[in-house]
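One structure below.
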Amino acid sequence: MSINLLTHEWAQSKNLASFYYPEIESTNNVAKSEFGKSGKDFALYLADHQTNGRGRGSNGWENLSGGEVLLSTWCFRTESTPQPILTPLLGLALYEALFVFDSSLPLRLKAPNDMYLGDGKLSGLLVEVEQKGSESLIFVGLGLNAEGAPAIDIPTSSLKEFAPKYRQEWSQFCKYLYNQFLIAVEKGMQNEIGADEREDLLEALNGGLPDGEYLKVSPRCDLQTAQGTISWMDL
């Protein structure tokens, strides 16, 4: 069973709206076309293969064809407008959820939207927001190398390499990730992140190393390094 179908079955078991496709143009594109009309507060779109997957900006999202990669869009409807801190909060949510598989995983959050496992890229997030009247529709595209990793121009990694029995914990991961995404969306309506989140984000960015590249994260997610300060939003 593909990782996307497995995720779809988990969502259905929790009575969450979920839509699975063996092949689709792009989960984000379909979600943006359908979710707003659904009237639901949440929906999940999944596909084993995307013919036109999208990454950040003009980047594409390369994927394998047999469901080895989680290709998903997590959709949320809110009555408030998300603030720029939402993206780092969602990245932190994913970072923390991945430790369900193994508390010693060598994870690192690479700003603004990539997750590394070991020396290779494990996943990417694409966060998009649309206004629909007084409501905001939030689309969190998540591509994650589960069973295998696509061949691209940078090193990649997969969960199976570091946690061979990851499928045994997959339902727990999905549950934790969903709950953490909900918390991130709620906190993402604020202008600043709290002190605890700043410390957790700093740890995630430095890969758990106290002497990592980043020295401090500001309430608005500016990143302080030895060379100066970088705005997360400018990355």
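The values are calculated or read from the model by the stated rules, or taken from the named source; none is laboratory data. Given the structure is predicted, the values throughout are model-derived calculations rather than measurements. Because the Cβ atoms are built from the backbone with ideal geometry, glycine has one as well, and the counts that use them run over all protein chains shown. These accessible areas exclude ligands, DNA and RNA; they are computed on the full protein's heavy atoms, side chains included. Shrake-Rupley method; radii C 1.70, N 1.55, O 1.52, S 1.80 Å.
Some notes on this structure:
- Couplings 3J(HN,Hα) for the stretch 228-235, derived from phi with the Karplus relation 6.51 cos²θ - 1.76 cosθ + 1.60 (θ = phi - 60°), are x, 10, 10, 7, 4, 6, 8, 7 Hz, where x marks Gly and Pro.
- Probing with 1.4 Å while keeping every protein chain in the model, the per residue accessible area of the chain equals 47 Å².
- The calculated 222 nm mean residue ellipticity attributable to helices in the chain amounts to -9000 deg cm²/dmol, summing -39500 (n - 2.57) over DSSP H runs of n ≥ 4 and dividing by all residues.
- For the chain, a crude dipole built from +1 on the beta carbon of Lys and Arg and -1 on the beta carbon of Asp and Glu, taken about the Cα centre, is about 400 debye to the nearest 20.
- Expressed as a whole percent, the accessible area of the stretch 89-220 that falls on carbon and sulfur atoms is 46 (1.4 Å probe).
- Descending semi-axes in whole angstrom, ellipsoid equivalent of the stretch 89-175, from the Cα gyration tensor: 25, 16, 11
- Table column - 3J(HN,Hα) (Hz), the stretch 7-20, Karplus curve with 6.51, -1.76, 1.60, x for Gly and Pro: 5, 4, 5, 4, 4, 5, 5, 9, 6, 9, 5, 9, 10, 10
- Rounded FRET efficiency, nearest 0.05, which uses the C-beta distance separating E169 from T51 and R0 of 30 Å: 0.50
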